[in-house]
1. Per 0.36 nm of contour for each residue apart, how much would the distance between residue 157 and residue 225 grow if the chain were fully extended, relative to their Cα-Cα spacing?
2. Angle between the Cα long axis of helix 203-216 and the longest principal axis of the chain, 0 to 90 degrees, nearest 10?
3. Evaluate the charge dipole of the stretch 179-331 about its Cα centre and quote only its size in Debye, nearest 20, assuming +1 on the Cβ of each Lys and Arg and -1 on the Cβ of each Asp and Glu.
4. Please report the net charge: other residues with Cβ closer than 15 Å to the Cβ of residue 13, K and R +1, D and E -1.
5. Enumerate by residue number the GluC sites (Glu not before Pro) in the stretch 275-331 meeting two conditions: DSSP loop (anything except H, G, I, E, B), and at most 10 other Cβ atoms within 10 Å of the site's Cβ.
6. I need the peptides 258-264, 123-129 ranked by packing, meaning the mean over residues of other C-beta atoms within 10 angstrom, with the highest value on top.
7. Can you give the angle from 0 to 90° between the axis of helix 119-134 and the longest principal axis of the chain, with both taken from C-alpha atoms, to the nearest 10?
8. Run the dipole for the chain about the Cα centre, Lys and Arg Cβ at +1, Asp and Glu Cβ at -1, nothing else charged, and hand back the magnitude in debye, nearest 20.
Amino acid sequence: MTVSSAPGKVYLFGEHAVVYGEPAVPCAIERRARVTVERRDDDRVRVNADDLSLDGFTVAWGGEGDDAPELDVPTNLLEAAMGYIDGAVAQARDAADAPDAGLDITVESDIPLGAGLGSSAAVVVAGIDAATRELGAAIADEALAERAFQVEHEVQDGQASPADTFCSTMGGAVRVQGEDRRRIDDVGSLPFVVGYDGGAGDTGELVAGVRDLRDRHVFAADTVEAIGDLVREGETLLRGEDTPLDELGGLMNFNHGLLSALGVSARSLDSMVWAARESGAYGAKLTGAGGGGCIVALDDSEGSKTALDYTPGCEEAFRAELDTDGVRRES
Ligand code: MEV
């Protein structure tokens, strides 16, 4: 039996724009997906996902006579979850040169699905890592990040950037711009607070919406470029012990405004952003694809968390520490 875990993430800056070659700075947070893999004697794959912030499901496939599973969970999320796990299995079989290997897979995650915290990337990274090692092969972090990106890219119909999977593999704060992907060292304290509306956005649809706007309007393309400019300014503030949280927060606010202009915010996200700002946060923005899900605020006081706890539409608020570990080989 082999176990790996990988962290979720928040975007300090740059989601959506990163899809078009602008830089982004995602930061891993201490919320993890853990995947346990055990080799089977046959060629089947059995997945048990009791805790994906869905109602939990068990699915077996491969081999003869598979029926579509009957499950009481939103179909789009289930299909996506199965697509990610299926993709991770294919990558691990390929990496270990074991095309017919059967696997029992258990997925546990405390990252809400589809909510902008990188749940799918974390499941895919941990899944490929655990399955590859269970099949007797080693996998380096760079290769793991690349394989995980291939899975996200495929499941999200070619709309995904490598930012989520790279961040989940490497941990800490990272900078991603096209092929240039690296960890940012010596990042000071980043007091994140996350607000979650209990919902999820459809990443593929949201990315396609931004692409369409950008293709049709020069000002939308300029907005995407402006996000890139803001990220370049923001990343220089990150290094060193005395992180200027007020300046970083100001850029987060600006970033949220630009994402709103691109049509990817939502009423629940705006309410949470304003609740955090009005209760003392240095700044707040949506994180991830948007449409619903999570916001991230920067606040070293208790103000934002308390305000979010009482904000209608906010289902859960929690403090999230930067996780300097990426993929963790647990056993
Ligand atoms: C989704 O977590 C982040 C997006 O930028 C898409 C991507 O980078 O793959 C919206």
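All of the numbers you see were taken from the coordinates with simple rules; none came from a lab. Just so it is clear, the structure is predicted and the values come from calculations on it, not from any experiment. Positions of Cβ are backbone-derived with ideal geometry, glycine not excepted, and every protein chain shown enters the neighbour counts.
1. Values: separation 68, 0.36 × 68 = 24.48 nm, distance 2.34 nm.
Stretched out fully, the residue 157 to residue 225 stretch lengthens by 22.1 nm.
2. In the chain, helix 203-216 runs at an angle near 50 degrees to the longest axis.
3. Taking the Cα centre of the stretch 179-331 as origin, the dipole is about 360 debye.
4. Working: positive: 9, 175, 232, 239, 285; negative: 15, 22, 164, 225, 229, 233, 235, 247.
Around residue 13, the surrounding residues sum to -3.
5. Working: sites: 278, 302, 315, 316, 321, 330; in loops: 302, 315, 321, 330.
Answer in residue order: no site qualifies.
6. Ranked by mean Cβ neighbours within 10 Å, highest first: 123-129, 258-264.
7. Helix 119-134 sits roughly 30 degrees off the main axis of the chain.
8. On the way: 27 positive and 62 negative charges, 116 e Å.
Dipole size: approximately 560 debye.
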